[in-house]
Amino acid sequence: MKNCIECNTEFKPKNEHHKFCSKECGVKKWKLSYVSPVVKGEKFQRSIIEKWNIGKELTCLECLKKFVKKYISQKYCSKECRGIYNKKIIEERDKQTKIDRARMEQIKNVG
């Protein structure tokens with residue numbers, strides 16, 4: 001038997017690392033002791049901002065317009081540019097798929 005480190009209730013641990021009598025006690029302890037690495041009012045911690053160039057000026061991959069990066073994976077100045085670029089990628093992939101299927105048909109017909 002062991003005592004819960006949050007409420008001091010005696011309980012039977014499931015393994016040697018078990019510290020809390022219930023999920024509620026574990027969550028309560030975590031909420032009291034957790035300190036966020038992100039400064040209040042900011043979206044990202046400083047190391048992420050520096051690593052991913054958030055706040056830096058980039059060039060949109062679609063229209064080549066300059067913009068300030070706000071999100072980790074941002075590559076386009078707007079949703080519209082992202083949509084245009086993605087549509088081009090899908091069209092290229094579809095074109096390649098048609099070519100591949102035509103080649104497979106030729107191979108089947110020859111063999």
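No lab work stands behind these numbers, since they all come straight from the coordinates. Just so it is clear, the model here is predicted, and its values are computed rather than measured. Please note: Cβ atoms are built from the backbone with ideal geometry, for glycine as well, and neighbour counts cover all protein chains shown.
Once the trypsin sites (Lys or Arg not before Pro) in DSSP loops with at most 16 neighbouring Cβ atoms within 10 Å are cut out of the chain, the longest remaining piece is 76-111. A simple spin-label model places the labels of Glu50 and Lys12 5.2 nm from each other, with each point 7 Å out along Cα-to-Cβ.
What the Cβ-Cβ distance of Cys63 and Trp30 gives, at R0 = 30 Å and to the nearest 0.05, is a FRET efficiency of 0.10. For the stretch 1-80, state which GluC sites (Glu not before Pro) are in a DSSP loop and have at most 14 other beta carbons lying within 10 Å of their beta carbon. Here the GluC sites (Glu not before Pro) that fit, given the DSSP loop and packing criteria, are Glu16, Glu42.
Between Arg82 and Asp100, residue separation times 0.36 nm minus the direct Cα-Cα distance comes to 3.8 nm. Work out, in µm²/s and without decimals, the Stokes-Einstein translational diffusion coefficient of the stretch 46-110 at 10 °C, 1.306 mPa s, Rh from Kirkwood over C-alpha pairs. Translational diffusion coefficient: 110 µm²/s. Positive end of the dipole of the chain, charges at C-beta (+1 Lys, Arg; -1 Asp, Glu), about the Cα centre: which of Ile90, Asn15, Ser33 has its Cα farthest in that direction? After comparing all options, I get Ile90.
Checking (i) 33, 28, 24; (ii) 70, 49, 18; (iii) 76, 50, 20 against the coordinates, the calculated Cα extents along the principal axes in Å falls under label (iii). In the chain the longest region clear of chymotrypsin sites (Phe, Trp or Tyr not before Pro) that are loop-assigned by DSSP and have at most 10 other C-beta atoms within 10 Å covers 72-111. Stretched out straight at 0.36 nm per residue, the stretch from Glu42 to Lys108 would grow longer than its current Cα-Cα span by 17.8 nm.
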